[in-house]
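The block underneath contains the structure these notes are about, expressed in structure tokens.
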Amino acid sequence: MRRYKEALDALRFTEEEQAMLTKKLEQAAEAAQPPRRRRHPRRVICTALIAAILVITAAAGYAGYLADPEAARTQLAKFFHLSPENAEEDSGFTANGAYDVCNGVIVSLDGIYTDDHTVCAIFSVKKEDGTAFVDLAAYPDTYALTFEDIRYLAGGEPVSGGGGGGGPHFTADMKTFYMDIEISLPDVQQAEGIPLTFTFSNILRYKQVGSYIGPDQVIVPGVWTIEVPLTPTDTAVNAQAGQQFAYGNLNVTIDRIAFTPTFYHIEFSYDKQMTYDDNFNLYLDGVRDEYGDDYYRRGASPILNTKDGAHYQLYNASGMLPAVIPLEEMESITLFGQTIPLVWTD
């Protein structure tokens with residue numbers, strides 16, 4: 001598939017050639033007869049139309065890169081419960097609008113945030129006709145909507161990623177659900193311009209019955225692929241860093257503290273190398289540690305303290321905040337047992 005996209009990117013078509021190719025693909029889609037046992041013949045048409053879009057947009061350098069920034073800004077505002085006019089400024093996310101459509105469902109990249117090593121992307125999913133994915137009267141045990149599979153590529157290569165905010169979020173009427181996805185890259189600045197590709201497969205309904213929570217059925221089959229160029233957007237404000245202190249058998253240095261009202265990124269380093277034996281026992285510079293891995297992982301989970309006395313457990317070194325919190329309301333973070341005042345430096 002990657003070679004196919006690269007070949008398309010290298011092609012150039014006149015308007016007449018594009019029109020001809022598109023017409024032929026549409027005719028092929030209309031004439032396509034699905035096998036008798038196939039239950040979802042619409043995917044034949046969907047695939048053919050996607051191919052037509054790829055031909056037309058290949059000259060632009062990003063296959064299938066359709067965009068509706070205004071719609072994305074509206075969805076971004078709904079996700080964060082902000083006004084569309086201030087959604088980007090108040091969240092720190094940049095509205096994007098790239099989208100893909102298949103089997104009557106639109107998957108849209110509404111907003112994106114990047115810093116030195118992290119990309120966080122917010123997607124919304126809804127039907128073209130505006131109807132609900134699930135009738136809650138018929139399926140009252142519905143727990144969530146999500147995808148059966150999600151893949152991430154940067155420059156055509158797989159990268160690690162996952163949910164950045166505890167899983168999918170959906171509206172009460174089941175007409176829209178959101179995914180926030182965080183992926184890690186070695187150096188975002190050096191990777192500027194490479195294609196980021198997100199591929200989603202099959203929309204699933206999760207159900208909850210008693211203590212069981214798990215997948216129940218595929219609501220909408222299909223594949224949605226969104227590819228956009230990586231653009232650094234680091235909108236975070238840095239707080240004073242460089243603090244050093246002891247924690248267990250480690251000396252910790254805080255290298256960076258950065259926040260937007262919706263996202264945070266904290267970097268720290270240790271003075272000893274961590275290694276593990278086959279039984280997952282922790283060693284520091286080759287010496288068996290008396291505390292163990294869990295002790296340090298708990299200490300590395302930040303707690304954000306606000307001026308009104310609230311405390312937010314953040315768990316990871318970077319990710320989405322549990323709510324929109326203006327920077328002026330943030331007071332300090334607690335990390336490795338130390339409470340560090342947030343003194344903004346930019």
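Taking the listed residues G210, G222, G193, G286, the one that is surrounded by 17 or more Cβ atoms within 10 Å (Cβ to Cβ), of a type outside the set (A, V, I, L, M, F, W, C) and at positive phi is G222, with no other qualifying. So is V159 under 26 Å from E182 (Cβ atoms) and either at pLDDT 95 or above or out of contact with any Phe, Trp or Tyr (no Cβ under 9 Å at 6 or more places or on another chain) (or both) or not? Here the answer is no, as V159 does not meet what is asked. The one condition from (1) in contact with a Gly (Cβ under 6 Å, 6 or more places away or on another chain); (2) over 14 Å from F177 (Cα atoms) that N96 does not meet is (1).
For the range 307-335, the set of residues classified as touching a helix residue (DSSP H, G or I) at 6+ places or on another chain (Cβ under 9 Å), touching a residue at least 24 places away in the same chain (Cβ under 8 Å) and either farther than 14 Å from A241 by Cα or surrounded by fewer than 18 Cβ atoms within 10 Å (Cβ to Cβ) (or both) consists of K307, V324, P326, listed by residue number. Note on the range 276-296: residues that are farther than 16 Å from G248 by Cα and of a type in the set (S, T, Y) total 1. Close Cβ contacts (under 6 Å, 6 or more residues apart or on different chains) running from residues in the range 103-124 that are buried (at least 20 other Cβ atoms within 10 Å of the Cβ) to residues that are part of a strand (DSSP E or B) and acidic (D, E) comprise V107/D100; C120/E182; I122/D110; I122/D180; S124/D110.
Results for (1) at pLDDT 95 or above; (2) not assigned by TED's automatic domain parsing to the domain that holds A317; (3) not charged (D, E, K, R), shown as yes or no for each residue.
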residue: D129; (1), (2), (3): yes, yes, no
residue: A132; (1), (2), (3): yes, yes, yes
residue: L136; (1), (2), (3): no, yes, yes
residue: T146; (1), (2), (3): no, yes, yes
residue: Y152; (1), (2), (3): no, yes, yes
residue: T171; (1), (2), (3): no, yes, yes
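Scan the range 90-99 and give yes if some residue there is over 20 Å from S201 (Cβ atoms) and more than 16 Å from the chain's Cα centre (by Cα), otherwise no. Yes, the range 90-99 has at least one match.
The values are calculated or read from the model by the stated rules, or taken from the named source; none is laboratory data. Small disclaimer: the values here were computed from a predicted structure and weren't measured. Every residue, glycine among them, receives a Cβ derived from its backbone with ideal geometry; neighbour counts consider all protein chains shown.
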